[in-house]
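One structure below.
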Amino acid sequence: MGGGKSTLKTIGVLTSGGDAPGMNAAIRAVVRQAAEMDIEVIGIARGFAGLIQGDFRRLHLGSVADIVHRGGTILLTARSEEFKTEAGRAMAVDNMRREGIEGLVVIGGDGSFRGALHLAKKGVPVVGVPGTIDNDLAGTDYSIGFDTAVNTAVEAINRIRDTATSHERVFIVEVMGRESGQIALMAGIAGGAESILIPEIKVDFAQVIERIERGRRRGKLHSIIVVAEGAASALDVSREINRITHLESRVTILGHIQRGGAPTAFDRILASRLGARAVQLLAAGETSCMVGMEANRIVHHDLEWALEQKKEIDLELYHLANVLAL
Ligand code: F6P
């Protein structure tokens, strides 16, 4: 699917939900791809909240200069309670029509995609671009921001490993992911964790302790346990370890550090490909779909279908993590 002229005159773009590194690269791709097809782009501030308030700004080629490498989102983002109401959504649609916005690119996670689906059902042409560090959306191997978040977590684990070794301590590193263990699993493997606790798999505490003790028996000076916030509280894990083993443990909660920072090259390229394809799809008359990357190819899927699917954790990787921790 290439560029070329389109009958579409004006589209909107917004970022919604938790920000993710690479969202700016996606906005830039939307604007540049649209410019190539003679389509005007209106940037909507603060996601769906801005649609309701009519907080619109025209984006030119220059508006997206110098942002490909920046974390966060120049359009700002929010989680809008008002958009969950019928009145809020009706106002959003009215504002879009008044502004002449004929199609919308929604960059965000599952909550944002649900919002996009509501608009699609009201007849607004919508394409979703997956942007969330959680990587919990079906229909794409990766979402924008995940790779950066994993790399940030791994860098933190590397630093923690140094001090953990010096003091012969157990460290519990809590990463983001309320319902998804994707960050924990990847960061745990890349960071060489002994145990990885994720919400998708029941926490086996006896096994966590056994691994720590096994490591000590063979002369390991430290232990690193990576826990997804949705699997257990790192503080509870630490207390339990102190109680049972009498080893010294410490907790590091990475929190929003994982959401900020310059996107990796992978996220910039992914965002550029997905953003551009979203515009091409709108121009081709597609609606109510999401773009994704599967096996390194850019694909699109029906939005409602994608939201009904559950992205499963890769059990092969989970078992590999256990083997590597032996
Ligand atoms: O969905 C992205 C995410 O960073 C989750 O991993 C995390 O649980 C949540 O957002 C935190 O949300 P907030 O920034 O609103 O505290």
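Give the span of the chain's Cα atoms along each principal axis, as three whole-Å numbers ordered largest to smallest.
Extents along the principal axes: 70, 36, 30 Å.
Pull up the DSSP beta bridges for the stretch 1-155 and report the antiparallel fraction as a percent, rounded to 5.
The antiparallel proportion sits near 20 percent.
Can you list residues from other chains, or at least 5 along the same chain, whose modelled amide H is less than 5 Å from the amide H of G261?
G71, G72
Summarise the accessible area of the stretch 149-259 (1.4 Å probe, protein heavy atoms) by the percent that is carbon and sulfur.
C and S fraction of accessible area: 49 percent.
Between K121 and L235, what is the FRET efficiency for a Förster distance of 51 Å, r being their Cβ-Cβ separation, to the nearest 0.05?
0.75
Across the stretch 205-221, in residue order, what do the Karplus-derived ³J(HN,Hα) couplings come to in whole Hz, using 6.51 cos²θ - 1.76 cosθ + 1.60 with θ = phi - 60° and x for Gly and Pro?
5, 4, 5, 4, 5, 4, 5, 4, 5, 4, x, 4, 4, 9, x, 5, 8
Report the local net charge at V13: Lys and Arg +1, Asp and Glu -1, summed over other residues whose C-beta lies under 14 Å from its C-beta.
Once all neighbours under 14 Å are counted, the net charge is +2.
Around R58, with a cut-off of 12 angstrom between Cβ atoms, what is the net charge of the other residues, counting Lys and Arg +1 and Asp and Glu -1?
-1
When DSSP beta bridges are limited to those with both residues in the chain, what percentage is antiparallel, rounded to the nearest 5?
Restricted to the chain, the bridges split so that about 25 percent are antiparallel.
So what's the gap between the Cα centers of the stretch 202-240 and the stretch 301-324, to the nearest angstrom?
24
Within the stretch 247-267, name every residue whose backbone N is under 18 Å away from a label modeled 7 Å from Cα of H69 along the Cβ vector.
Once the point is set 7 Å along Cα→Cβ of H69, 260-267 turn out to lie under 18 Å by backbone N, inside the stretch 247-267.
Can you list residues whose amide H is under 5 Å from L104's amide H, if they're 5+ apart or on another chain and H is modeled 1.01 Å from N?
Here the answer is G12, V126, V127, since their amide H atoms fall under 5 Å of that of L104.
Compute the angle between helix 182-191 and the longest alpha-carbon principal axis of the chain, please, reported from 0 to 90 degrees and rounded to the nearest 10.
The angle comes out at about 50 degrees.
Non-local amide H neighbours of S223 (under 5 Å, H modeled in plane, Pro and chain starts lacking H): which ones?
HN-HN under 5 Å from S223: R169, V170, F171.
Apply the Karplus parameterisation 6.51 cos²θ - 1.76 cosθ + 1.60, with θ equal to phi minus 60°, to every residue of the stretch 229-239 and state each ³J(HN,Hα) to the nearest whole Hz, in sequence, with x for glycine and proline.
Couplings: 4, x, 8, 6, 7, 4, 5, 5, 4, 4, 4 Hz.
Once each part is reduced to its C-alpha centroid, what is the distance from the stretch 186-200 to the stretch 1-67 in angstrom?
Answer, in whole Å: 36.
Kindly write out, for the stretch 161-169 in residue order, the coupling ³J(HN,Hα) from the Karplus curve 6.51 cos²θ - 1.76 cosθ + 1.60 (θ = phi - 60°), rounded to whole Hz, with x marking Gly and Pro.
So the J values, rounded to whole Hz, are 4, 4, 6, 4, 5, 4, 9, 6, 9.
How many angstrom separate the Cα center of the stretch 255-300 from the Cα center of the stretch 72-92?
First find each Cα centre; the distance between them is then 21 Å.
Can you pull out the trypsin sites (Lys or Arg not before Pro) in the stretch 1-103 that DSSP calls coil and that have at most 12 other Cβ atoms within 10 Å?
Counting only loop positions with at most 12 other Cβ atoms within 10 Å, the trypsin sites (Lys or Arg not before Pro) in the stretch 1-103 are K5, K9.
For the chain, with every protein chain kept in place, what is the accessible area per residue (1.4 Å probe, Å²)?
43
Taking a virtual spin label 7 Å from the Cα of E312 along the C-beta vector, which residues in the stretch 177-207 bring their backbone nitrogen under 15 Å of it?
Under cut-off, by backbone N: 200-201.
The values are calculated or read from the model by the stated rules, or taken from the named source; none is laboratory data. Treat the numbers as computed from the prediction; the structure is a model and nothing was measured. Glycine gets a Cβ as well: all are built from the backbone with ideal geometry, and neighbour counts include every protein chain shown. Only protein heavy atoms, including side chains, enter the accessible area calculation; ligands, DNA and RNA are left aside. Shrake-Rupley method; radii C 1.70, N 1.55, O 1.52, S 1.80 Å.
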